[in-house]
1. May I ask for the distance between the Cα centers of the range A:84-117 and the range B:44-108, given as a whole number of Å?
2. Are there GluC sites (Glu not before Pro) in the range B:139-171 that DSSP puts in a loop and that have at most 14 other Cβ atoms within 10 Å, and which ones?
3. With heavy atoms of protein chains only and a 1.4 Å probe, what residues of the range A:59-78 have at least 20 Å² less accessible area in the full set of chains than alone?
4. At a 1.4 Å probe, what is the % contribution of carbon and sulfur to the accessible area of the range B:35-182?
5. With 10 Å bins from zero, work out the P(r) of the range A:237-299 over every alpha carbon pair and list the percent per bin.
6. List the residues, sorted by chain then number, that are 5 or more residues from B:THR147 or on another chain and whose placed amide H is less than 5 Å from its amide H.
7. Can you tell me the FRET efficiency between A:VAL371 and A:LEU187 if r is taken as the Cβ-Cβ distance and R0 is 41 Å, rounded to the nearest 0.05?
8. Once the principal axes of the Cα atoms of the range B:35-182 are found, what is the range along each, listed largest first in whole angstroms?
Amino acid sequence: MSIKQILVVFGLLLSSFVYSQNKQILYGFAEMPNTLMVNPGAETNYRYHGGIPGLSGLSLNIGASGGALSDLFLKDNTTFNTKFENLSNKLTNRSFLSFNAKIDILNGGYRLDEKTYLSFGMYQEVDFIGYYPKDIVELLYYGNQPFINKTVHFSDLKFRGEMLGVIHAGLSYKMNKKLNVGGRFKLYSGSLHISSKNNAGTFSTEQGVNNVYRHNVTNVNITSNSSGFFDADENLNVGLKDVLGNTLLSKNIGVGVDVGFTYHYSPQIEFTGSILDVGFVSYSKNNRNLSITGNHEFDGVNLLYDSTNTDYWSQLDSDFKANVPRKTNADSYIVWRPIKLNGAVRYSFGRARTNKECYDVTYKEYYNNSVGLQLFAITRPLSTQIAATAFLEKSIAENFHVKFTYTMDDFSKSNVGVGVSTQMGIFQMYGMFGNILKFSNLTGATTASVQFGFNLIFD
Amino acid sequence: MKKLKSTPLFLIFILMLSSCVKHLDFSQIEDFSAKPIFESSLVYFTLNQVDFFDLINSVEVVTPIDDTSGFTILRSKFVKDNLIETELNIEVNNQFDREFTVNITFLDENNIETHAFDPIIVAENNPNFTQKETITISGNEQFLRSTKIRVSIELSPSSDGSVLDPNIEQKLEFKSSGIFYLKT
């Protein structure tokens, strides 16, 4: 094995494959095949490409708004309990943890004619976001004694997680010299899904009249949907083989589209935009939906001293169940995918080099520098999350491009990223690092991202 | 333009990753211990003079009257494993011009006593009688078998020989709450 090969393997084994769902470095970067996945209207200047199966696009991201791993696990002189309490104090019910992993199983593309490029593939995705149910966690951690007269809000409970496989095919079409448009059709195959949001209701303990305290469960409406977790007997049953198998054409089918465009306002100014994952999945297999609704007041047990041998406790229990019924069903339901929006403006400058496109007779001007702004938005259960990125892209050599980004979003106001893309012969690879300022102490970072990809490009 | 080699790329990866997870100790989570305190209303009742008067025989009821409620909180494995102390608070408004003796007993499924508090004496005409009783689980593990709570009230005889008048209203209001100290 050559040194280079050893380093490739070593690098692959060590790298954590973390990449932001906001693919701010990948978006619009250096005309790589993977940019077609974030903008189907991206321009392509090659004849065909093939991703190395499993390696053409690996990404995993963890982001925490308001807290970092070191808040809980730093090796210092405070106890874990103190760290937990401090972190919980810092967080609010709008703080969240998000996690997204994507693996390209197959990715390829083929030029149909001088205007049209077809790309297709299959990838698996795991996506999770959970908001911090502060009231509920603190009720469980401290008990209700510190919360007499305070209200615990069940609406704090908000999370969704999904695992699915996506088979896709897209076209990038050059309408004219200025405008390139594209679209992608996606077939989703849902494997696992769980969510609970739009919950309502409160729990409170107040000074009572009949007894020392009155405990109230008010206007409760808690619902959750899940698919793939519970079997027909309502037992938790998740088998890895089934989970992976279901990412390829399961009974939970859905469709979605991506659309995008690239518009050259002038040879040096370019606008791009895309909308991704406008689609849904219909879950029907191994569903378990839960709903808890109602109102209840509890004063304690009222002893009657009337010799009727009342079973007070059973009475309490049946009263509660009648007032706050808990229902389950296995109905199918539809879940909309989180929609992502990208928009960017780019200004290119510096030395221009005109390249003959290999497949037709037109020429394209490539500047070796560009700057610009990107905006990213993603729909989430609580609110739409937005990130803004400023970038500088530079071609250091004909086949070596670097992109620097500065991003502001819910996770960080100091997220500086760098991406590198290079091509040696037909072998194209890219590496991207987000949040590099925190790289020497990743554990204190609230977001981390590194991405790898290998493709074969045939010009 | 010169094509650059990609070897430096991987060296950068390796260098950066070696320093990216320092100073963490995940084993700290084993030290995690929550100490929640839950307070809940328990039993309550209001008795009046008729409850202590046998109208048929026109005599006072001199034996204790009692009632029992189920109390199955301690059946939960989580509570059994993590309860370290229970505190019982009682608040009594005694409008009688007589003393009462209150006996609170916890019983298991076979009606065998698992814990009995010492008799609580409530003085006459005391509107704000309060008392706190504590059960420390360590040393009183049989308390964890409790599934019932029985409250028995005994009217003390008058000091001057007088008898209750069933037509004059007098009330005994009893309230109670429990505090459960847990430690995971």
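The values are calculated or read from the model by the stated rules, or taken from the named source; none is laboratory data. The structure presented is a predicted model; accordingly, all values stated were derived computationally and were not measured. Glycine gets a Cβ as well: all are built from the backbone with ideal geometry, and neighbour counts include every protein chain shown. Keep in mind that these areas ignore ligands, DNA and RNA; they rest on the heavy atoms of the full protein, side chains included. Shrake-Rupley method; radii C 1.70, N 1.55, O 1.52, S 1.80 Å.
1. Each part reduced to its Cα centre gives a spacing of 60 Å.
2. Hits after loop and neighbour filter: B:GLU169.
3. SASA drop of 20 Å² or more in the range A:59-78: A:LEU69, A:PHE73, A:LEU74, A:LYS75.
4. 47 percent
5. 14, 24, 20, 18, 16, 7, 2, 1
6. Excluding prolines and chain starts, which carry no amide H, the hits are B:LEU107, B:ASP108, B:GLU109.
7. Details: r = 38 Å, r/R0 = 0.92.
For A:VAL371 and A:LEU187, the calculated efficiency is 0.60.
8. 51, 31, 21
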